[in-house]
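This report refers to the structure that appears directly beneath it.
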Amino acid sequence: MVLDPDHRDAPLDLSPEEFRELGYRVVDRIANHIGSLRDLPVGPNEPVTTVRDLLGAVPLPSESSPPGAVLDEAMSMVLAHSVFTSHPRFWAFITGSASPLGALGDLVAASININVASWNTAGGASAFEAQAVRWIADLINLGPTYSGLLVSGGTAANLVAFITALHAKATWDVRQEGARPVGRPVMKVYASREAHPWLGRAVDITGLGLQALHWVEADEHARMIPRALRAAIAEDREAGNLPFLIVGSGGTVSLGMVDPLGALAEVAREEKLWLHVDAAYGGFAACSPEAPDELRELVHADSIAVDPHKWLYVPLECGCVLLKEPALLNRTFTYDSAFFRYTGSGPQDIPAPYREQGLQNSRAFRAFKLWLCLKTAGRRGYEQMISDDIRLARRLYTAIAETSHLEAMSCALSTTVFRYLPPELAGRAEASAYLETLNLELLRQLQLDGYAYPSATKMKGSTGIRVCIVNFRTQWSDLEGLIEWCTRRGHALDQATRPDTLR
């Protein structure tokens with residue numbers, strides 16, 4: 001085939017007319033889907049391999065296909081075989097109900113396809129990101145020095161903060177010598193076992209190894225004990241190790257518990273350690289009068305991770321890392337390259353390019369969907385939505401505590417944990433294994449039924465059904481229905497499966 005440079009035939013290109021036609025069709029289908037969410041099951045009652053089997057083990061097509069037909073087929077498959085995280089009764093993993101406005105923002109950003117790596121090629125997009133990050137800091141009541149950048153999610157945000165803390169607190173040049181040079185002390189990190197698994201990845205990726213982790217005792221509410229933290233630091237100093245980082249939780253993913261951040265900040269200040277708070281879930285609740293007082297202490301952290309795609313209801317992916325001294329990001333991540341060098345001139349107050357503040361060179365324009373949501377809802381809007389989620393979780397806890405055969409186990413932030421518990425089995429140690437099996441099966445049936453989609457967790461060694469509400473579509477009637485469903489189906493399941501030894 002001879003190339004005609006003036007008349008290329010690119011199968012992926014669309015004329016404005018074709019794009020408009022397909023775009024209207026897509027938006028219509030999505031609008032109808034959003035409008036019917038409450039009447040749909042949260043997830044399909046089918047094996048997880050269904051779509052894989054439908055796609056089949058076929059080779060890559062050798063010829064091009066009509067884009068409209070491909071799009072229609074793929075959308076039909078996705079809409080018919082997905083768990084809908086924006087459904088009013090999706091309460092499992094901490095994925096917020098995605099704002100439709102944010103979805104439109106994603107469309108715009110993807111269409112422009114800006115790489116938000118440097119100011120000279122993405123000045124407008126970088127300005128949106130800088131303002132969105134500043135607004136996040138304002139929303140959670142941080143001081144004027146706090147700034148940072150957007151990343152893919154909580155794990156990435158926490159990892160960026162971890163690496164920055166490592167470079168800032170090491171007594172040697174980590175860039176030159178590495179994280180564990182021969183003859184240097186072992187750097188130590190302190191957290192409770194309620195910490196998210198990102199922490200294990202961080203010590204692995206940085207080369208510190210699991211030996212760097214010093215797990216600190218937690219209280220009966222799964223919150224780190226400051227006295228135990230002090231003892232752990234003293235123990236490590238005596239052993240010749242180098243304590244450098246305290247990782248507090250601003251809302252654990254399992255139970256929604258918030259560590260005593262004020263007390264942890266005091267320890268960090270006295271011991272000259274870096275305080276990082278993983279607030280990927282709970283950080284945004286700091287804007288709400290319903291939030292625990294400890295979240296007001298975020299302002300004392302050296303770094304904070306938050307996830308707009310959780311409690312700001314922004315579509316995936318969108319995380320954010322904030323630092324009290326953001327210049328440390330540049331010191332940690334800047335590497336010179338002739339390829340990236342820019343010799344143009346600009347205002348002196350333009351910050352370093354975002355590619356020099358984190359892990360990525362190629363960076364999507366995540367800020368646009370976030371900025372749209374922040375600008376539209378404003379502080380008052382977010383205060384209301386987040387406060388509503390917290391109040392619903394508390395009301396659920398209270399209602400369950402008043403319901404026979406259900407046990408309210410915990411409630412923190414917008415997370416309530418409960419289990420099905422026949423009164424005659426309460427307090428019987430020999431029934432613990434059965435109750436665990438019973439509640440896991442009840443949860444499985446609930447998810448397969450499609451009425452609601454919570455998850456499982458552990459509270460003081462017992463398995464419970466975890467309802468985490470970061471969903472502006474959830475109404476009290478949805479939670480009333482959950483109580484009714486679990487009471488009715490739990491009774492039937494218990495009658496059918498309880499062993500004779502427990503009757």
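The values are calculated or read from the model by the stated rules, or taken from the named source; none is laboratory data. These numbers were taken from a predicted model, which means no experiment stands behind them. Methodologically, a virtual Cβ is constructed for each residue, glycine included, from the backbone with ideal geometry; neighbour enumeration extends over all protein chains shown. Note: areas computed on protein heavy atoms with side chains; ligands, DNA, RNA excluded. Shrake-Rupley method; radii C 1.70, N 1.55, O 1.52, S 1.80 Å.
With R₀ set to 56 Å, the beta-carbon distance separating A228 from S362 gives a calculated FRET efficiency near 0.85. Sequentially through region 276-288, phi angles give Karplus couplings (6.51, -1.76, 1.60; θ = phi - 60°) of 10, 10, 7, 10, 3, 8, x, x, 5, 5, 4, 7, 9 Hz, Gly and Pro residues having no value and appearing as x.
As a fraction of the 1.4 Å probe accessible area of region 261-305, surface on carbon and sulfur atoms comes out at 45 percent.
The gain in end-to-end length when the N113 to L14 segment is fully stretched comes to 34.1 nm, 0.36 nm per residue minus the alpha carbon separation. Element breakdown for region 352-503 at a 1.4 angstrom probe: carbon and sulfur atoms account for 51% of the accessible area.
Given their separation in residues at 0.36 nm each and the Cα-Cα distance between them, S404 and R175 gain 76.4 nm when the chain is fully extended.
Extension gain for A80 to E21 (0.36 nm times residue separation, less C-alpha to C-alpha distance): 19.0 nm.
Label region 43-104 by shape, choosing from rounded, prolate and oblate, from the square roots a ≥ b ≥ c of the eigenvalues of the Cα gyration tensor; if a/c is under 1.5 it is rounded, and otherwise prolate applies when a/b is larger than b/c, oblate when it is not. Oblate shape, in that a/c is at least 1.5 and b/c is the bigger or equal ratio. The label point for E220 and the one for E46, both projected 7 Å from the Cα toward the Cβ, are 4.8 nm apart. Database remark: amide H of A456 closer than 5 angstrom to the amide H of R466 (H placed geometrically; neighbours at sequence offset of 5 or more, or on other chains; Pro and chain starts carry no H).
Cα extents for region 185-254 along the principal axes, largest to smallest and rounded to whole angstrom: 33, 28, 14. Phi angles of region 309-324 translate, via the Karplus equation with coefficients 6.51, -1.76, 1.60 and θ = phi - 60°, into HN-Hα couplings of 7, 9, 9, 9, 6, 8, x, 4, 9, 6, x, 8, 10, 10, 10, 5 Hz per residue; Gly and Pro are given as x. At an R0 of 45 angstrom, the distance between the Cβ atoms of D6 and L55 translates into a FRET efficiency of 0.75.
Mind checking the per residue accessible area of the chain for me, 1.4 Å probe, whole number of Å²? On a per-residue basis, the chain sits at 48 Å². Expressed to the nearest 5 percent, the antiparallel share of DSSP beta bridges inside the chain is 60 percent. Kindly identify region 346-503 as rounded, prolate or oblate by the Cα gyration tensor criterion: order the square roots of the eigenvalues as a ≥ b ≥ c, call it rounded if a/c is under 1.5, otherwise compare a/b with b/c, prolate if a/b is larger, else oblate. In terms of gyration-tensor shape, prolate. Surface composition of region 51-185: carbon and sulfur make up 60 percent of the accessible area, probe 1.4 Å. Within the straight-line cut-off of under 14 Å between alpha carbons, the aspartates and glutamates reachable from K369 are D106, E129, D307, E317, sequence neighbours fewer than 8 places apart in one chain being disregarded. By the rule of a C-alpha distance below 13 Å, with chain neighbours fewer than 8 residues away ignored, the aspartates and glutamates paired with K272 are D302.
A cut-off under 11 angstrom between Cβ atoms defines the neighbours of F365, and their net charge, with Lys, Arg +1 and Asp, Glu -1, is +1. Distance between the 7 Å Cα→Cβ label points at A239 and D72: 6.6 nm.
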